[in-house]
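Participant: Can you keep this structure in mind? I'll have questions shortly.
Nothing in this text is a laboratory measurement; each read-out follows from the coordinates by a stated rule. Note that this is a predicted model, so its numbers are computed, not measured. With ideal geometry, Cβ positions are generated from the backbone for all residues, glycine too; neighbour counts draw on all protein chains shown.
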Amino acid sequence: MQHNKTLARKHSDTESLLDNIILIGMMGSGKTTVGRLLANLAGKNFIDVDHEIQQRTGVGIPVIFEIEGEAGFRKRESEVMREVVQQQNIVLATGGGAILQPDNRTLLRQSGTVIYLCAPVSELRRRTHLDKNRPLLQTGNAYAKLMELFTQRDPLYRETAHIIMDSSKQNARTFVQRLLQRLRQYEQKTANNAQKHHSSHQEVK
């Protein structure tokens, strides 16, 4: 366990990236499940944006969509994200549409290491078909809606992410172990790049 907790230590050159870990991806990609496990293993606090919105409003996501529409929900989502990313040492699970606004994409990239959990639409459908708490999927053809959303959002997820991982092929615990390994590699790469930049800057002087 101590080995995994090295991610929670502060590093002068990489703290802004690795202090906070931000999970993005489609509904059903595993952000909440992976986020809880990752936070536990890395010694971080877990925050789920959708859960935070429900706690503050006292109602479920479908009720917010019904009363305020998707635009009203997205406004609340942006407000919550702007607030919670000010915290340190967190794993943040965002909503599937959190990356739709350019300002949100910029905010997330500047606030931590962004990881895109991707999965095939068929797998996303399998994971979400019994979930009634997803208002965008309450249609006659949920698979077609998922495909539409995926086509729209996948390029934005990729634009925003520092790391992209397929979350469809392994159980959550095995996947999180792989993710921790990727984070350690990314941490080392970022530290090396920062050192090279520092050395180059000194030579210019």
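Participant: Among the listed residues GLN87, GLN55, identify the single one that is of a type in the set (S, T, N, Q), out of contact with any helix residue (DSSP H, G or I) (no Cβ under 8 Å at 6 or more places or on another chain), in a helix (DSSP H, G or I) and surrounded by fewer than 17 Cβ atoms within 10 Å (Cβ to Cβ). Write out each step before concluding.
Facilitator: On the way: GLN87 fails: in a helix (DSSP H, G or I).
Every option except GLN55 fails the conditions.
Participant: Same structure again: Filter the range 62-84 for residues that are more than 17 Å from the chain's Cα centre (by Cα) and not basic (Lys, Arg) and give the result.
Facilitator: PRO62, VAL63, ILE64, PHE65, GLU66, ILE67, GLU68, GLY69, GLU70, ALA71, GLY72, PHE73
Participant: Let me ask something else about it. Please go through (1) touching a helix residue (DSSP H, G or I) at 6+ places or on another chain (Cβ under 7 Å); (2) surrounded by fewer than 21 Cβ atoms within 10 Å (Cβ to Cβ) for ALA98 and return the number of the only condition it doesn't satisfy.
Facilitator: Only one criterion in (1) touching a helix residue (DSSP H, G or I) at 6+ places or on another chain (Cβ under 7 Å); (2) surrounded by fewer than 21 Cβ atoms within 10 Å (Cβ to Cβ) is unmet by ALA98, namely (2).
Participant: Identify, by number, the condition in (1) assigned to a helix (DSSP H, G or I); (2) of a type in the set (Val, Ile, Thr); (3) farther than 23 Å from LEU179 by Cα that THR32 doesn't meet.
Facilitator: Answer for THR32: the failing condition is (3).
Participant: Condition (residue is in contact with a Lys or Arg (Cβ under 6 Å, 6 or more places away or on another chain) and either on the phi > 0 side of the Ramachandran plot or surrounded by fewer than 17 Cβ atoms within 10 Å (Cβ to Cβ) (or both)) applied to the range 133-142: is it met by at least one residue?
Facilitator: yes
Participant: Turning to a different aspect of this structure: Could you please find all residues in the range 181-197 being closer than 19 Å to LEU38 by Cα and among the aliphatic types (A, V, I, L, M)? So that I can check it myself, show each step before the final result.
Facilitator: Residues of the range 181-197 closer than 19 Å to LEU38 by Cα: 181-188.
Correct list: LEU183 only.
Participant: Return the residues of the range 68-79 that are in contact with a helix residue (DSSP H, G or I) (Cβ under 7 Å, 6 or more places away or on another chain) and either farther than 24 Å from PHE150 by Cβ or free of Cβ contacts under 8 Å to residues at least 12 places away in the same chain (or both); say none if nothing qualifies. Working first, answer last.
Facilitator: First, the residues of the range 68-79 that are in contact with a helix residue (DSSP H, G or I) (Cβ under 7 Å, 6 or more places away or on another chain): 72-73, 76-78.
Passing the criteria: only GLY72.
Participant: In the range 156-176, which residues are part of a helix (DSSP H, G or I) and touching a residue at least 12 places away in the same chain (Cβ under 8 Å)? Break it down stepwise before answering.
Facilitator: Filtering the range 156-176 down to residues part of a helix (DSSP H, G or I) leaves 156-160, 172-176.
Those that are part of a helix (DSSP H, G or I) and touching a residue at least 12 places away in the same chain (Cβ under 8 Å): LEU156, TYR157, ARG158, GLU159, THR160, ALA172, ARG173, PHE175, VAL176.
Participant: Where residues in the range 23-52 are polar (S, T, N, Q) and touching a residue at least 24 places away in the same chain (Cβ under 8 Å), which of them is surrounded by the most Cβ atoms within 10 Å (Cβ to Cβ)?
Facilitator: Restricting attention to the range 23-52, the residues satisfying the condition of being polar (S, T, N, Q) are 29, 32-33, 40, 45.
With the extra rule that they be touching a residue at least 24 places away in the same chain (Cβ under 8 Å), the set shrinks to 29, 32-33, 45.
Values: SER29: 26, THR32: 15, THR33: 18, ASN45: 13.
Ranking the qualifying residues of the range 23-52, first place goes to SER29.
Participant: Now a separate question. Considering only the range 34-74, how many residues are in contact with a strand residue (DSSP E or B) (Cβ under 6 Å, 6 or more places away or on another chain) and among the charged types (D, E, K, R)? Don't jump to the end; show me each part of the working.
Facilitator: Going residue by residue through the range 34-74, those that are in contact with a strand residue (DSSP E or B) (Cβ under 6 Å, 6 or more places away or on another chain) are 35-36, 38-39, 44-48.
Adding the requirement that they be among the charged types (D, E, K, R) leaves 36, 44, 48.
The number of residues fulfilling the criteria is 3.
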